[in-house]
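Each reported figure results from applying straightforward, stated rules to the coordinates on display, with no laboratory input. Every value quoted in this text rests on a predicted model; they were computed, and no experiment measured them. Glycine gets a Cβ as well: all are built from the backbone with ideal geometry, and neighbour counts include every protein chain shown.
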Amino acid sequence: MINPRNNPKPFTRMMALTTLLSACLFSHVASAETNDSSQLKAVILLKALKYVQWPAQTLTNNTLRVCMVGKGPINRELKALSGKKLSGKQVHVIYYEALNKTDLCHLAFINNSAAHQFHELIRLLSTQPVLTVSDIPAFASNGGMFELNESKERIRLVVNLKATRASGFLIGSQLLRMSRVIR
């Protein structure tokens, strides 16, 4: 065994290598947790959409347009849905740095990177048949419709019933029983 008092260089190198390997390992684990969280949020959102009835005349051409506003880890998961069918509707995913064409969206997912636009987007979308979704903390209590709330290693859907009803959405009772509801 190497005695660090007699020859400090190998011991210092070994400690540096151990520190570097630990840092790499923990950053990889954190990245995996972010990916797992994003995948879980996407799955929860997809399952929730099965219980959402859009206002009449909204989904007329059998297309569900999902707009992603800003950059975030869930974008990749939602982008993978493009071209797939959800409740008989063809999913088309669009990315926007800033949302300015709201008539193109049926669902707007607002990422944390777009949090600075949050209040403006809610004001803009509140009277339109666009389902607003985010994982920004307190999104639903501040006027958003669906919030993917993450706390204590658990993801829970929060539904703002007043906001969904104001835009003409009907939310199934099964989904409401499984969610935290803001009235």
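General observations
- Pairs exceeding a 26 Å alpha-carbon distance, out of 41/89; 85/152; 89/152; 50/162: 85/152; 89/152.
- By the beta-carbon count within 10 Å of each Cβ, the least crowded to most crowded order of 63, 132, fewest first, is 63, 132.
- Tensor-based shape of the stretch 75-157 (alpha-carbon gyration tensor, a/c under 1.5 rounded, otherwise prolate or oblate): oblate
- Relative compactness, the stretch 41-182, computed as alpha-carbon Rg over 2.2 N^0.38 Å: 0.94
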